Amino acid sequence: MDSIVVRGNGPLKGQIPIAGAKNACLALMPATLLSEEPLTLTNAPRLSDIRTMTQLLASLGAEVTALQDGKVLATSCHGEINPVADYDIVRKMRASNLVLGPLLARLGHAVVSLPGGCAIGARPMDIHIDALTALGAEIELKDGYLHAQAKGGLKGAVHEMRFASVGATENFLMAAVLAKGTSVLKNAAREPEIVDLVQCLRAMGAQIEGEGTSDIVIEGVDRLHGATHPVVTDRIELGTYMLAPAICGGEVECLGGKIALVESFCEKLDAAGVAVEETERGLKVKRKNGRINAVDVVTEPFPGFPTDLQAQMMALLCTAEGTSVLEERIFENRFMHAPELMRMGAKIEVQGGHATVHGVERLKGAPVMATDLRASVSLILAGLAAEGETVVRRVYHLDRGYERVEDKLRAVGAHIERVREE
Ligand code: UD1
């Protein structure tokens, strides 16, 4: 199992290219199940989660070919489709549940194992089930699998979700595009990854309006055709690398970044004492003078502060001047990085959904354990400015969501390497 070794050092300088969004790509790939014609995705990230989705789609009968070193995914689903998404693949990644909507739309039935994924809370499927049931599906849970059926096909409907779930919005969209009649999804998620999926579905011939707002209207069509679609920039990878110069000092330009993708995050950076400037190529990030200021953060659905940047933001606030409170409102149990940061000298108290961080002057390197995808990278960020050496173990979590993290950080002057362990 690999480890990442980081030695704290001084300011960083240079450019970091930001990849296409993992979370967008994981929703775009299953859209291939909706058409017999090929769907080509460009600007795809090269990550183990994408390989897991490739495996899952192949097991269902789709073809996914990685071209240009994995940056282009040529997908196609013209033959016979297997409606069963097996536990052995689904358990590796919660986003596997995104095949449920498209399978139902194309075949009228699907059998999908309940998912696994990051251990960050209960993560049930009730919002997905309610949304697809509104479109006429009958869904029951048997032996750990969701058995879904739409006798006579899916029918357009008005449905309001109890919470703006990202995955449930995506499943509803991919089911409603081929349903009979008009559907309206109220309290829909507004994340940029939803907008990206809608743009792709529209390129495939779907009729959708209102993406990026809480009400999305879908006019069902008989069939979708092929398309080529570029995956939107990964706003979480972007925010993560923006924090590197914020923590270490220096100036880093994140290529492909846009303020609109990370606006609420930029507001918090500004309050913390980090300057962000939009350039023609991306976002230039520089720590203003002196120590980082403490700031309070509340995670919320987009356009609020993203839960997927909470752990990384905590790494920054560990050495801020004063006390910060981070409130996690999306997932319970998403402070598993806090005890690891405390091994590095951070002063953090966790109570339920709140973490209180008392800033210390400097962290000290230590052996730490990655517990989930975003927690792993927060430990790397913390290690970048800590005194001495930090060894982050169990980095397989990291490889699910960050391509070549050590190369990207080394290119801007960080002391970081991957160590292969038996
Ligand atoms: C997506 C992202 C993930 C991000 C999350 C929130 C992908 C592949 N993953 O996950 O990185 O952290 O959005 O921005 O895009 N919930 C229910 N019932 C459901 C569905 C969700 O109670 O049926 C709860 C979850 O337990 C969680 C909250 O709703 O507490 C948010 O989940 P959701 O928005 O669905 O996140 P995902 O789509 O799983």
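The values are calculated or read from the model by the stated rules, or taken from the named source; none is laboratory data. Values in this document were obtained by computation on a predicted structure and should not be read as measured data. For neighbour counting, all protein chains shown are included, and Cβ atoms are generated from backbone atoms with ideal geometry for every residue, glycine included.
Scan region 55-72 and tell me whether some residue there is within 12 Å of the ligand (Cβ to nearest atom) and closer than 30 Å to Asn333 by Cα.
No, every residue in region 55-72 fails to be within 12 Å of the ligand (Cβ to nearest atom) and closer than 30 Å to Asn333 by Cα.
Just wondering, is there one or more residues in region 168-184 that are modelled with pLDDT of 95 or more, under 20 Å from Gly304 (Cβ atoms) and among the β-branched types (Val, Ile, Thr)?
For region 168-184, residues modelled with pLDDT of 95 or more, under 20 Å from Gly304 (Cβ atoms) and among the β-branched types (Val, Ile, Thr): present.
Considering region 14-51 alone, what residues qualify as being under 15 Å from the mean Cα position of the chain (by Cα) and of a type in the set (Ser, Thr, Tyr)?
The answer is Ser48, and nothing else.
Filter region 125-142 for residues that are assigned to a loop (DSSP other than H, G, I, E, B) and either of a type in the set (Ser, Thr, Tyr) or under 9 Å from Leu154 (Cα atoms) (or both) and give the result.
Leu135, Gly136, Ala137
One residue is enough: does region 307-318 have a residue meeting the conditions within 19 Å of the chain's Cα centre (by Cα), crowded, with 23+ Cβ neighbours inside 10 Å, farther than 25 Å from Asp2 by Cβ and among the hydrophobic types (A, V, I, L, M, F, W, C)?
Checking region 307-318: at least one residue is within 19 Å of the chain's Cα centre (by Cα), crowded, with 23+ Cβ neighbours inside 10 Å, farther than 25 Å from Asp2 by Cβ and among the hydrophobic types (A, V, I, L, M, F, W, C).
Kindly check whether there is at least one residue in region 359-373 that is in contact with a Phe, Trp or Tyr (Cβ under 6 Å, 6 or more places away or on another chain), assigned to a strand (DSSP E or B) and either in contact (Cβ under 8 Å) with a residue 40 or more places away in the chain or crowded, with 20+ Cβ neighbours inside 10 Å (or both). Break it down into steps so the answer makes sense when it comes.
Filtering region 359-373 for residues in contact with a Phe, Trp or Tyr (Cβ under 6 Å, 6 or more places away or on another chain) gives none.
Checked against the condition, which is being in contact with a Phe, Trp or Tyr (Cβ under 6 Å, 6 or more places away or on another chain), assigned to a strand (DSSP E or B) and either in contact (Cβ under 8 Å) with a residue 40 or more places away in the chain or crowded, with 20+ Cβ neighbours inside 10 Å (or both), region 359-373 yields no hits at all.
Quick check on Ala168: is it under 25 Å from Gln207 (Cβ atoms), in a loop (DSSP other than H, G, I, E, B), within 12 Å of the ligand (Cβ to nearest atom) and not assigned by TED's automatic domain parsing to the domain that holds Pro306?
no
When only residues in region 46-97 that are free of Cβ contacts under 8 Å to residues at least 12 places away in the same chain and part of a helix (DSSP H, G or I) count, which is farthest from Lys142 (Cα to Cα)?
Restricting to residues being free of Cβ contacts under 8 Å to residues at least 12 places away in the same chain and part of a helix (DSSP H, G or I), the top hit is Gln68.
If Val252 meets every condition in (1) assigned to a strand (DSSP E or B); (2) surrounded by fewer than 22 Cβ atoms within 10 Å (Cβ to Cβ) apart from one, which number is that one?
(2)
Checking Ile292 against (1) assigned by TED's automatic domain parsing to the domain that holds Leu178; (2) β-branched (Val, Ile, Thr); (3) more than 16 Å from the ligand (Cβ to nearest atom), which single condition isn't satisfied?
Failed condition: (1).
Suppose we filter Arg202, Arg106, Arg91 for residues that are of a type in the set (Lys, Arg), buried (at least 20 other Cβ atoms within 10 Å of the Cβ) and more than 13 Å from the ligand (Cβ to nearest atom); which single one remains?
Matching residue, one of Arg202, Arg106, Arg91: Arg106.
What is the one condition in (1) touching a helix residue (DSSP H, G or I) at 6+ places or on another chain (Cβ under 6 Å); (2) outside any loop (DSSP other than H, G, I, E, B) that Leu178 does not satisfy?
Only one criterion in (1) touching a helix residue (DSSP H, G or I) at 6+ places or on another chain (Cβ under 6 Å); (2) outside any loop (DSSP other than H, G, I, E, B) is unmet by Leu178, namely (2).
When region 140-155 is examined, which residues are found to be touching a helix residue (DSSP H, G or I) at 6+ places or on another chain (Cβ under 8 Å) and at pLDDT below 95?
The answer is Gly144, Tyr145, Leu146.
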